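Below is one structure, written out as structure tokens, with a few remarks after it.
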Amino acid sequence: MTIEEAARELKLAYICEHSQSYLKEANQQRLNLDEALKELLWEEVTQRRERSHQRRINQAKFYQKKYLADFDDSVFEEQPRKQLRELTSLEFIKRKENAILIGNQGTGKTHFSIGIGIEACLQGMSVQFVNAPNLVIQLKEAVNQSQFVRFKRRFESVDLVIID
């Protein structure tokens, strides 16, 4: 059995695809077996995490990507800024609490909520993003098609639901 065959059976996609070129490079750099194996496995872990993050972000159905690092909270007074920073810890999700963002149009509620959602995805949580008008339409359709239980389960199965 070749390395590629074993990696394919074990579902080690990165190793399956890159093992030969990696082994050549490791041989040229005169890495010992322990170092080479650690590096190859670490790269597999890194690639798997990245794919997992991207899958979670895609499944969340964000209509655009917004990150917390790009959110400017300097326009807010100290108390709201403190509350926003507390939300970025994502502890409210772990405690199964709700968070409601209230403010005028253009204050960054959507940007912040998407940023929180993406951060949750990066921390291994499942997220569902939906805007309120679409949610109402989907709910009506589910009720009309006697699919309400299935519709409800979809939201119960995620760690964070964001309604914009």
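Tabulated results
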{"item": "At R0 = 30 Å, FRET efficiency that the Cβ-Cβ distance of residue 34 and residue 11 yields, to 0.05", "result": "0.80"}
{"item": "Note, ³J(HN,Hα) from phi for segment 24-39, Karplus 6.51, -1.76, 1.60, rounded to Hz, x at Gly and Pro", "result": "4, 5, 5, 5, 5, 7, 6, 6, 6, 4, 4, 5, 4, 5, 4, 5"}
{"item": "Mean accessible surface per residue for the chain, computed with a 1.4 Å probe while every protein chain stays in place, in Å²", "result": "72"}
{"item": "Accessible surface, 1.4 Å probe, highest first, among residues 137, 15", "result": "137, 15"}
{"item": "Size of charge dipole - segment 40-105 - debye, nearest 20, with Cβ of Lys, Arg +1 and Asp, Glu -1, no other charges", "result": "460"}
{"item": "Per-residue [θ]222 nm for the chain (sum of -39500 (n - 2.57) over DSSP H runs n ≥ 4, rounded to 500)", "result": "-19500 deg cm²/dmol"}
{"item": "Apportionment of accessible area to carbon and sulfur, segment 1-154, percent (1.4 Å)", "result": "51"}
{"item": "Test item: Cα-centred dipole of the chain, Lys/Arg +1 and Asp/Glu -1 on Cβ, debye", "result": "740"}
{"item": "Total formal charge among the other residues, if their Cβ is under 12 angstrom from that of residue 50, Lys/Arg +1 and Asp/Glu -1", "result": "+3"}
{"item": "Segment 88-107 versus segment 114-164: alpha-carbon centroid distance in Å", "result": "16"}
{"item": "Amide H contacts under 5 Å for residue 162, placed H, 5+ residues apart", "result": "128, 129, 130"}
{"item": "Percent RCO, i.e. relative contact order, over the chain, from Cα pairs under 8 Å lying at least 6 residues apart", "result": "22"}
{"item": "3J(HN,Hα) from dihedral phi, segment 69-85, Karplus parametrisation 6.51/-1.76/1.60, rounded to Hz, x for glycine, proline", "result": "4, 8, 7, 9, 9, 5, 7, 9, 6, 4, 5, x, 4, 5, 5, 5, 4"}
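The values are calculated or read from the model by the stated rules, or taken from the named source; none is laboratory data. Because the structure is predicted, anything quoted here is derived from the model rather than measured. For neighbour counting, all protein chains shown are included, and Cβ atoms are generated from backbone atoms with ideal geometry for every residue, glycine included. Accessible surface is based on the protein model in full, side chains and every heavy atom, while ligands, DNA and RNA are left aside. Shrake-Rupley method; radii C 1.70, N 1.55, O 1.52, S 1.80 Å.
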